[in-house]
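Structure first, commentary second.
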Protein chains: 2
Amino acid sequence: MTAPRIVVDVENGVAPWRQVRDQLVRLISGGVLPVGARLPTIRQLAADLGLAAGTVARAYRELEVEGVLTTGRRQGTVVAALPSHAPDPLSAAAAEFVAVARSLGASEGEALNAVRAHYLGE
Amino acid sequence: MTAPRIVVDVENGVAPWRQVRDQLVRLISGGVLPVGARLPTIRQLAADLGLAAGTVARAYRELEVEGVLTTGRRQGTVVAALPSHAPDPLSAAAAEFVAVARSLGASEGEALNAVRAHYLGE
DNA sequence: GTTATTGTGTCGAGGTCTTGATACAAAACC
DNA sequence: GGTTTTGTATCAAGACCTCGACACAATAAC
């Protein structure tokens with residue numbers, strides 16, 4: 001498999017492991033990395049991203065604890081399930097959107113209109 | 001003014017200053033903290049959040065560099081302008097949500113229902 | 001059984017961040 | 001002018017993270 005598209009910005013105040021973890025979650029939730037897909041080895045991804053292997057291992061381990069990934073000594077790391085906090089990625093995305101909309105003080109109607117505008121705009 | 005609603009989670013891999021900064025951006029973009037509004041003093045917000053003053057100062061300084069805030073020795077820190085990167089945060093959030101929904105193959109109706117469910121869930 | 005693959009664990013070094021405290025300076029207020 | 005308010009700067013200590021390297025262990029392949 002080709003290396004997933006992950007980018008790490010070391011100056012943005014977000015820990016490298018967290019960035020890797022977050023972007024893996026997106027790739028998995030979005031179907032780019034489907035269940036059953038094999039991730040690059042820790043050493044490979046670390047080399048690709050210019051990180052230490054332990055840092056990538058941290059990200060993988062976070063997702064393993066969540067049940068998103070499974071790891072094996074020979075077969076490496078494989079996508080096991082969609083993120084458990086988001087068994088339904090659409091619902092998860094909506095939850096995040098609604099959280100943002102709420103913090104912006106938007107009403108339900110305003111949030112719905114914003115979504116409609118983007119579906120129509122396409 | 002009352003203290004803005006800011007929460008800091010020290011274990012999520014995102015630096016405290018970054019969390020403060022991000023949440024201030026949301027409050028400002030959403031109009032909760034309108035242009036001209038005065039923010040709590042660095043010491044006050046630090047005490048409220050259980051952080052060191054220097055950490056809050058870092059967040060304020062980041063936003064000052066971006067022109068979002070202006071600071072003065074006596075009048076404190078004031079909202080100067082909306083974040084230039086997000087002129088319309090609700091629309092941006094909706095765009096992101098729709099992009100994810102689309103990648104999941106969701107129809108407009110499904111996306112709207114997902115949003116409604118989270119607003120009703122409260 | 002041997003070899004290769006891959007994750008886990010450990011190590012010491014270095015760097016960064018955060019803390020709490022303090023001092024100073026600028027500005028506003030009285 | 002004196003006082004108060006508030007941001008900036010500095011400090012040392014502590015905590016934590018990341019690095020690169022290495023060793024070990026588990027597993028699969030041959």
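The values are calculated or read from the model by the stated rules, or taken from the named source; none is laboratory data. These numbers were taken from a predicted model, which means no experiment stands behind them. Here the Cβ is made from the backbone with ideal geometry for all residues, glycine too, and neighbour counts use every protein chain on show. Each accessible area value is taken on the protein alone, full model and side chains, heavy atoms only, with ligands, DNA and RNA left out. Shrake-Rupley method; radii C 1.70, N 1.55, O 1.52, S 1.80 Å.
The portion of the accessible surface of the protein assembly as shown made up by carbon and sulfur, rounded to a whole percent, is 52 (1.4 Å probe; DNA, RNA and ligands excluded). Within the listed set A:14, A:35, A:79, the Gaussian network model of chain A (springs between alpha-carbon atoms below 10 Å) gives the highest mean-square fluctuation for A:14. Peptide A:15-24 shows a mean partner chain C-beta count of 2 within 10 Å per residue C-beta. Altogether, the Stokes-Einstein calculation at 4 °C and 1.567 mPa s, with the Kirkwood radius of segment B:1-76 over Cα pairs as Rh, returns a diffusion coefficient of 103 µm²/s. To the nearest 10, the accessible area of residue B:58 is 80 Å² with a 1.4 Å probe.
Near the amide H of residue A:76, within less than 5 Å, lie no amide hydrogens of residues on another chain or at least 5 residues away, with H placed in the peptide plane.
Placing dummy labels 7 Å off each Cα toward the beta-carbon, the span from residue B:102 to residue A:110 is 2.5 nm.
Hey, with R₀ at 22 Å, roughly what FRET efficiency would residue A:47 and residue B:12 work out to, going by the Cβ-Cβ distance, to 0.05?
That pair, residue A:47 with residue B:12, gives E of 0.25.
For chain B, the longest principal axis of the alpha carbon atoms and the long axis of helix B:89-103 meet at an angle near 40°. Other protein chain C-beta atoms within 10 Å of residue C-beta, averaged over B:30-42: 1.
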